[in-house]
Amino acid sequence: MDRTHRLLHSFAALADLGQELSEARDFGEVARASLYIVLGTLAIRRGALGIRDPETQRLRYVAARGVQLPLPDEELDATTYDALVATASAGLWLSPSTLPPVRAALHGNFELLMPLVVRRELIGLLLVGEKATEEPISQDDREIIAAMARHVAVGIHNHHLMAEVQERASENRRLYDDLRALYHDTVRAFAVAIDCKDAYTRGHSERVGYYSAAVARALGLDEDEIEGIRVAGYLHDIGKLIVDREVMNSKLRFSACDVPELRQHTIAGYEILARIKHPYADLPLLARYHHERLDGSGYPEGLRQDEIPLGAKIIALADAFDAMTTTRPYRPQLPFDEVIGELVRGMGTQFDPAVVCAFARVLLREAEQSSAERRPLFGLLDPNYVRLERNLPRIEELLARAERTLAAAG
Ligand SMILES: [Fe+2]
């Protein structure tokens, strides 16, 4: 291979190395290959490649040929740094008359020191020994080495940038996860605060959040939508925080529908949530519409059918289910048969059949589990409801009714 062909071949190999350096491969391996290509091109016997650590300002030799590693690390002071950057394009002869700015040059008895520089930033050093032919390194050789060194420098620089980007991305991911956890903890704390205000609904918001998320999952919504609906479940009654405690806990209270002041909690909830920037855009609307009914008899706006957001329909069902399965001031908790009966009766008027169907599937899946740990939803209910051998046929019936209603609606 003549010199020109060897050069072209080596530059092509370097171009490939540049790409590999940018990827997250074994960096030491790629540094070694870079050094060997540069040395091989001009049949140079010995050499070493050092990389500067920007944090410590130390230069560490990561690859060498014809010299024993480890070569000592270099401490780069400002004067040495500037001197090296200034000689980047020409290299520095290490003749006895030149004072070598780096210690390894003394140890290794090299002839040429080529700083690797990108945009006036020192990336590393290439130390070059004698040629195998024992001819002196010519000016031409020096220019070739300088060109290749620039190529290697850009490759290493890109590798550093990629590593930094990845580091920042994982740091951002960690921060995002922390924020998300904080957000959810805060929302749950709010749920507890909302329920504390109403003496009859302890734990209600958390359960509604749980049921709602389970239904959203059964409906095949994506993870973000499920989380949004879970949070909306936690916060759906946040408007109750501004309803008079006397009204809320009155012994005369029958249900929210009977007390105009209680009805205000939907709009109040919307107004509270609309002022906050949430990761889930329709949260305020879900609080506003969680008492709407398919037949238009709900509040605050009497919306019908598809005018009601899906999330609000899910929360409406979860809310009603929790109300029926817990003791309220106006009535005790209902037996399981009656709960199922109410869901069947309300289908198409109060509840969306698709939502009832999804809920029935959640109940059925749990009822079919043999161990209590695999029935998290039933775990939230009063033990009276967990007589599964009795309840299973009722749940199957609910699912069949919901499926028939859905099929009839086309
Ligand atoms: Fe409510």
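Evaluate the relative contact order of the chain (contact order divided by residue number), counting alpha-carbon pairs under 8 angstrom at least 6 apart; express in whole percent. Computed value for the chain: 10 percent relative contact order. For segment 121-236, the gyration tensor built on C-alpha atoms gives a prolate shape. Its axis ratio a/c (a ≥ b ≥ c) is at least 1.5, and a/b is the larger of a/b and b/c. Annotation for segment 264-294 versus segment 53-97: alpha-carbon center distance of 64 Å. Computing Rg and the Kirkwood Rh from the Cα coordinates of segment 153-210 gives a ratio, Rg/Rh, of 1.47. Taking the empirical scaling 2.2 N^0.38 Å for compact globular proteins as reference, the chain has a Cα radius of gyration ratio of 1.67. Simple point charges give the picture: +1 on the Cβ of Lys and Arg, -1 on the Cβ of Asp and Glu, and for segment 198-409 a dipole about the Cα centre of about 420 debye. Each of K277, K131, K197, K240 was scored by other Cβ atoms within 10 Å of its Cβ. Arranged with the fewest first, they read K277, K197, K131, K240. Taking the longest Cα principal axis of the chain as reference, the axis of helix 388-409 is set at about 80 degrees. Simple point charges give the picture: +1 on the Cβ of Lys and Arg, -1 on the Cβ of Asp and Glu, and for the chain a dipole about the Cα centre of about 540 debye. The Rg/Rh ratio for segment 198-409, using Cα coordinates for both the radius of gyration and the Kirkwood hydrodynamic radius, is 0.95. Distance between the modelled labels on Q369 and R275, one decimal in nanometres: 4.0 nm (7 Å Cα→Cβ projection).
Relative to the longest principal axis of the chain, what angle (0 to 90°, nearest 10) does the C-alpha long axis of helix 3-22 take? Tilt of helix 3-22: around 30 degrees.
Note on segment 118-157 and segment 161-177: Cα centroid distance 33 Å, given to the nearest whole angstrom.
For segment 3-167, the gyration tensor built on C-alpha atoms gives an oblate shape. Its axis ratio a/c (a ≥ b ≥ c) is at least 1.5, and a/b is not larger than b/c. If R0 equals 22 Å, the separation of the Cβ atoms of D140 and T79 corresponds to a calculated FRET efficiency of about 0.10. Working note: 222 nm ellipticity from helices only, DSSP H runs with n ≥ 4, each -39,500 (n - 2.57), summed and divided by the residues of the chain, gives -18500 deg cm²/dmol to the nearest 500. Specify the angular offset, from 0 to 90 degrees and rounded to the nearest 10, of the alpha carbon long axis of helix 336-346 from the longest principal axis of the alpha carbons in the chain. Around 90 degrees separate the two axes.
Quick check: from the Cα gyration tensor, does segment 126-190 come out rounded (a/c under 1.5), prolate or oblate? Here segment 126-190 falls in the prolate category.
Taken together, the values in this text are just the output of simple stated rules run on the coordinates, not laboratory data. Treat the numbers as computed from the prediction; the structure is a model and nothing was measured. Virtual Cβ from ideal backbone geometry, glycine too; neighbours counted across all protein chains shown.
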